[in-house]
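The values are calculated or read from the model by the stated rules, or taken from the named source; none is laboratory data. Quick caveat: nothing in here was measured; it's all calculated off a predicted structure. Note: ideal-geometry Cβ built from the backbone for every residue, glycine included; neighbour counts use all protein chains shown. In case anyone asks, the SASA skips ligands and DNA or RNA and just uses the protein heavy atoms, side chains included. Shrake-Rupley method; radii C 1.70, N 1.55, O 1.52, S 1.80 Å.
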Amino acid sequence: MSLATTIESNVARVRNEVAVACRRTGRSVDDVTLIGVTKSVDRTVADALIAAGVREIAENRVQDAVEKFGRRSPHPPLSEGVRLHMIGNLQTNKARDVVDLFDMIHSVNRIALADALQRESARRGMTRDVLLEINTAADVTKQGADSSEVFELYGYVISKCENLRLLGLMTIAQQSDDPEDARPAFHALRTLRDDLQRAAPSHPLPILSMGMSNDFPIAIEEGATHIRVGRALFVGLPAPT
């Protein structure tokens, strides 16, 4: 099977799983955005994914994204309408590259990082969409603000960072062979979002970014609006070298 055919088949299977999860909860598939995580594949595969209709692409590492999609990349610019998401942990010294390259930043998890992104966005006269990354799994191996820090971080971003458009929250559940083990973390994120919206109803938070290849149906059941899927989209391809 060709690269294009393999990718198209994988995308169709994942979208079918999204549709099934949506039917279980009475949601519309239009309410769920599929983000293709290309951290483990090269630009050729990423382009095949885009050609198969996945218009939201994510990377975990800034340098990898710069090499695949940046201005100095040997590859052509991403086609119009394709949005690039940063979903990995960020150091403040990467803020300039992140603001230049990414349309949405899912991993704002501390005030110092929000400050750095705000400074670089203001310097360029642009606004960047951001999400607050929350460690709802209470897992010491995961990045993200602790739930007890969220209200302070939320208040800071909406009051002090006028060039950051805060649209919602993101979390990463603990990895497990049983997808149901992820449900408490996803439920906690939705509950936290609802608490924030009750506290500040004038600032809606429509996006819940949660769920990956092994647990995205559970995330959809718990209210995910954006799912971050990598491995399931690349089944049947040679392992990266």
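Accessible surface of PHE216, taken over heavy atoms with a 1.4 Å probe and every protein chain present, rounds to 0 Å². Surface calculation, 1.4 Å probe, protein heavy atoms: ARG83 sits at approximately 70 Å² accessible. Result for the chain in a Gaussian network model with C-alpha springs under 10 Å: among MET170, MET212, MET126, the largest mean-square fluctuation is at MET126. Roughly speaking, what % of Cα-Cα pairs in the chain are separated by over 30 Å, rounded to a whole number? That tail contains 23 percent of the Cα-Cα pairs. Each semi-axis of the equivalent ellipsoid for the stretch 29-77 is √(5λ) with λ an eigenvalue of the Cα gyration tensor; in descending order they amount to 21, 12, 9 Å. Simple point charges give the picture: +1 on the Cβ of Lys and Arg, -1 on the Cβ of Asp and Glu, and for the chain a dipole about the Cα centre of about 600 debye. Taking N as the residue count of the stretch 58-124, its C-alpha radius of gyration divided by 2.2 N^0.38 Å amounts to 1.07. Quickly work out the ALA51-to-ALA19 label distance, labels modelled 7 Å from Cα along the C-beta direction, and quote it in nm with one decimal. Label-label distance for ALA19 and ALA51, simple model: 2.4 nm.
Pairs of Lys residues in the chain that lie 8 or more places apart, or on two chains, and have C-alpha atoms under 20 angstrom apart add up to 5.
Mean Kyte-Doolittle hydropathy of -1.0 or higher plus an axial Cα length of 18 Å or more: which whole DSSP H helices in the chain meet both? Helices meeting the criterion: 3-25, 111-124, 183-199. Ligands, DNA and RNA left out, the 1.4 Å accessible surface of the stretch 141-233 is 48% carbon and sulfur atoms. With contributions of -39500 (n - 2.57) from each DSSP H run of at least four residues, the per-residue ellipticity at 222 nm computed over the chain stands at -12000 deg cm²/dmol. Placing unit charges on the Cβ atoms of the charged side chains and taking the dipole of the stretch 9-67 about its Cα centre, the candidate lying farthest along the positive direction among SER40, VAL14, ALA51 is VAL14.
The three principal axes of the C-alpha atoms in the stretch 78-213 carry coordinate ranges of 44, 35, 28 Å, sorted with the longest axis first.
Accessible surface area normalised per residue over the stretch 89-190 is 46 Å², counting heavy atoms of protein chains with a 1.4 Å rolling probe. The loop-placed GluC sites (Glu not before Pro) in the stretch 1-108, going by DSSP, that have at most 16 neighbouring Cβ atoms within 10 Å of their Cβ come out as GLU80. FRET efficiency for the pair HIS203 and ASN89, taken as 1/(1 + (r/R0)^6) with r the Cβ-Cβ distance and R0 = 30 Å, rounds to 0.75.
Rg/Rh, computed from the Cα trace of the stretch 149-236 with Rh as the Kirkwood radius, has the value 1.04. If you run the Gaussian network model on the chain, springs between alpha carbon atoms under 10 Å, then out of GLY168, GLY230, GLY53 the most flexible one is GLY53. Within the assembled protein chains, the solvent-accessible surface assigned to VAL11 is about 10 Å², based on a 1.4 Å probe. Reducing the stretch 100-125 and the stretch 34-96 to their Cα centroids gives an inter-centroid distance of 17 Å.
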